[in-house]
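Participant: Please find one structure pasted underneath; my questions will follow.
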Amino acid sequence: MLAYYLWLQWQPRKSWLLLFAFSWIPAIVGGVMLYALMLNYVEYSLLSRYALMMLLGMTMILFTLALAERFRCQRLQEMQALTHDTLSYLPNNNVLHMMIDDLISRNMSFNLYCLSVDNYTSLLPYLDEHAREEYITAIAERISDVLAVPPVICIRTDSDRPDYRLGCLKEGVFAFLMDDADSATCDRIIDALIKELNGELCVGAFVTQVKVRVGVCHCPTDGDHPSLLISRALSAIAQHQSLTTHYARFNSDEQRHHQLHVSLVTDLRDAIENDQLELYHQPQIDLRTGSIHGSEVLARWTHPEYGQISPEVFVQMAEDVGIINNLTLWVMKRAFQQQAQLIRNGHCRRLSINISASDIYIPDLANRVVELAHRYHIPTNLISLELTESVMVEDYNWLKQLISALSASGIEVSIDDYGTGYSSLYFLSQLPFTELKIDRSFVRDLHKSGRHQSIVRATTDMARSLGVMVVAEGVETEEAEALLRRYGVDVSQGYYYSRPLPFQQYQAYVERMDSVQPTSILQEKSLRSSSDG
């Protein structure tokens, strides 16, 4: 039983187990001597009589020593866990913080380098625990071999190996320190490091490509606190993800841009909650009559400190931080309020509202739109929700249910930016949408590109066969409008007619257009009168 216990518990570096096993030897010897004495194999004497008692005492002493050694090993393991990474056995984040803090306290100038293995996260599902340890250890050994040069600062620990030159911040991310040497020396070391690491790495029977990026910040130029320096070295990697180079220095300008971005996120949330955004309307013209078909509503934000913020910036920001649904619901509410005012003034025009991929998951969206429309007495057939093509590949079944629910309520659904996304003819044939909106990239230079003309003409013919209306955006010239009318496009919008207008200006625009009979109708009446004559 003792041997079985030792076999189960045995692990490398557990020296207390040997002492524990050895402590039982005196007790076994004492027991043998007792039986030998009882069987007269040993002559009776004072020593033989009390041998068992003395040897049992020795066993207790050795057992106590083994127990003390076990506690010491456990304490060392706990200290190891606090100061070393459990996978690579390198100094961890805590040791790096202490090392950097010590260098700062001695007023030393140095560079902090962070190295990230780009594809490590994507590899994790394919590696078991043993393979993961082998992979990280192989990379750490390669790095340590290159860093065995004088400018690299040794990372001191209380372990038996004082010559660590590499630390591990987290799985797949390493860090090391280098004296404030000349840039040519630093560049030469980093180039050698990347050359050594990038390429194939064999982990058992698994062969993978290693690709790393290095970010660096300088103390005290870029900061004088361990957490700040580590954060900025990691930011240097993130700031240069798109560059072909693997070595990037911390950019304070981009950091300020990031801080501004964080500040704008808070301000945008407040602007939505406190109704501080504006809604602009871009008129949509019916090419068959020349009258105003409706408008596409567009959110605008004038920041009290930074002025006009581009919609591309704050809409993407809302997407990134998860407040795009709040923004869309605000746009709907404000658009319906303004639509109700137009209707009271006798102008019934259609309203187009953009919906993002995240918005289709707003709980009970169709009913919420209908409820808002009823609250402001807006006929649902005057509402059109514009979905980008890319939304169709998010969740086709969910989207089909949503469009069906909207259509059942009389709300029109438009496929926006057609031709730039991932829609297929199958999706278009199955989804009950009512409008196809040709992207401005095909319309802007329509009169100059025969290919764009072919695409617009084919799209219009396809839409007509499906029984849906075609809208073209980005119309900027009279030639483009003439071509669109020739191809049978129903509605167009763009700077040729008007830029997006604040609501009061849009209302005046509608009133002015309604007071003048459309030119196309006048021409049609003239032709009819001449034919009657």
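Participant: What do the square roots of 5 times the Cα gyration tensor eigenvalues come to for segment 271-336, in whole Å, largest first, as semi-axes of the equivalent ellipsoid?
Facilitator: After diagonalising the Cα gyration tensor, the semi-axes are 26, 13, 11 Å.
Participant: Treating cross-link reach as a plain straight distance, find the aspartates and glutamates whose alpha-carbon is under 14 Å from the alpha-carbon of LYS437, omitting any fewer than eight places away in the same chain.
Facilitator: LYS437 reaches ASP286, GLU296, GLU386, GLU389, GLU412, ASP416, ASP417, ASP461, GLU473, ASP490.
Participant: Using the Cβ atoms and a cut-off under 11 Å, what net charge is assigned to the surroundings of LEU287, where Lys and Arg are +1 and Asp and Glu are -1?
Facilitator: In short, 0.
Participant: Another one. Using a Cα-Cα cut-off of under 13 Å, which aspartates and glutamates could be cross-linked to LYS333, ignoring same-chain neighbours fewer than 8 residues away?
Facilitator: GLU273, ASP275, GLU278, GLU371
Participant: From the phi angles alone, apply the Karplus equation (6.51, -1.76, 1.60; θ = phi - 60°) to segment 272-285 and give each ³J(HN,Hα) in whole Hz, x where the residue is Gly or Pro.
Facilitator: Rounded to whole hertz, the list is 5, 5, 9, 6, 9, 8, 10, 10, 9, 10, 9, x, 10, 9.
Participant: While we're looking at this one, here's another question. What aspartates and glutamates sit close enough to LYS211 to cross-link, taking a C-alpha to C-alpha distance under 14 Å and skipping anything fewer than 8 places away on the same chain?
Facilitator: The reachable aspartates and glutamates, counting only those whose Cα sits under 14 Å from LYS211, are ASP118, ASP191, GLU196, GLU200.
Participant: Now for a different question. To the nearest 10 Å², what's LEU264's accessible area with a 1.4 Å probe?
Facilitator: 10
Participant: Another question about this same structure. Of ASP191, ASP395, which has the most accessible area with a 1.4 Å probe, and how do the rest follow in descending order?
Facilitator: Ranking ASP191, ASP395 by accessible area, largest first, yields ASP191, ASP395.
Participant: Okay, next question. Accessible area per residue for the chain in Å², computed with a 1.4 Å probe and the full protein assembly in place, what is it?
Facilitator: 53
Participant: Cα atoms only, segment 304-419: Rg and Dmax in Å?
Facilitator: In order Rg, Dmax, the Cα atoms of segment 304-419 give 14.8, 45 Å.
Participant: With log10 I(q)/I(0) by the Debye sum over Cα atoms at q = 0.10, 0.13 Å⁻¹ in mind, check (1) -0.87, -1.45; (2) -0.97, -1.19; (3) -0.75, -1.39 and report the label derived from this structure.
Facilitator: (2)
Participant: Leaving out ligands, DNA and RNA, and with a 1.4 Å probe, what % of the accessible surface on segment 33-190 is carbon or sulfur?
Facilitator: Looking at segment 33-190 in its full context, I get 58 percent from C and S.
Participant: With every protein chain present, what accessible area does ARG165 have (1.4 Å probe, heavy atoms only), rounded to the nearest 10 Å²?
Facilitator: Here the residue's solvent-accessible area equals roughly 60 Å².
Participant: Of all beta bridges DSSP finds with both residues in the chain, what is the antiparallel percent, to the nearest 5?
Facilitator: Percentage antiparallel, nearest 5: 60.
Participant: Let me ask something else about it. Taking H as built 1.01 Å from N, whose amide H comes closer than 5 Å to the amide H of ASP180, not counting residues under 5 places away?
Facilitator: ASN111
Participant: Expressed as a rounded percentage, what relative contact order does the chain have, with Cα pairs under 8 Å and six or more residues apart? Present the calculation step by step, with values, prior to reporting the outcome.
Facilitator: Numbers: 761 pairs, mean separation 51.4, N = 533.
Relative CO of the chain lands at 10 percent.
Participant: Per-residue ellipticity at 222 nm for the chain, helices alone: DSSP H runs ≥ 4 residues times -39500 (n - 2.57), over residue total, nearest 500 deg cm²/dmol?
Facilitator: -16500 deg cm²/dmol
Participant: What's the Kirkwood radius of segment 125-175 in Å, using all Cα pairs?
Facilitator: It is 12.2 Å.
Participant: Can you give me the Kirkwood hydrodynamic radius for segment 429-468, using every pair of distinct Cα atoms, in Å to one decimal? Walk me through the numbers before you get to the answer.
Facilitator: Details: mean 1/r = 0.0915 Å⁻¹.
Result for segment 429-468 stands at 10.9 Å.
Participant: Excluding ligands and nucleic acids, what accessible area in Å² is computed for GLU133 using a 1.4 Å probe, to the nearest 10?
Facilitator: Using a 1.4 Å probe on the heavy atoms, I get roughly 60 Å².
Participant: Another question, if that's okay. How large is ³J(HN,Hα), in whole Hz, for each residue of segment 410-417 in order, when computed from phi with the Karplus curve 6.51 cos²θ - 1.76 cosθ + 1.60 and θ = phi - 60°, using x for Gly and Pro?
Facilitator: With coefficients 6.51, -1.76 and 1.60, one gets x, 8, 7, 10, 10, 8, 8, 6 Hz.
Participant: Using Cα pairs under 8 angstrom and six or more residues apart, how large is the relative contact order of segment 147-221, in percent?
Facilitator: Rounded, it is 19 percent for segment 147-221.
Participant: Still on this model: Per residue of segment 438-446, in order, report the coupling 6.51 cos²θ - 1.76 cosθ + 1.60 (Karplus, θ = phi - 60°) as ³J(HN,Hα) in whole Hz, putting x for Gly and Pro.
Facilitator: 3J(HN,Hα) across segment 438-446, in whole Hz: 6, 5, 5, 5, 8, 9, 3, 10, 4.
Participant: How many angstrom lie between the Cα centre of segment 174-199 and the Cα centre of segment 455-493?
Facilitator: Segment 174-199 and segment 455-493 have Cα centres separated by 58 Å.
Participant: On to the next question. Could you please state, rounded to a whole Å, how far the C-alpha centre of segment 212-226 is from the C-alpha centre of segment 51-119?
Facilitator: About 27 Å separates the Cα centre of segment 212-226 from the one of segment 51-119.
The values are calculated or read from the model by the stated rules, or taken from the named source; none is laboratory data. On a predicted model such as this, the values are computed, not experimentally measured, just so you know. Glycine also receives a Cβ, built like all others from the backbone with ideal geometry; neighbour counts cover every protein chain displayed. Please note that ligands, DNA and RNA were not included when accessible areas were found on the heavy atoms of the full protein model with its side chains. Shrake-Rupley method; radii C 1.70, N 1.55, O 1.52, S 1.80 Å.
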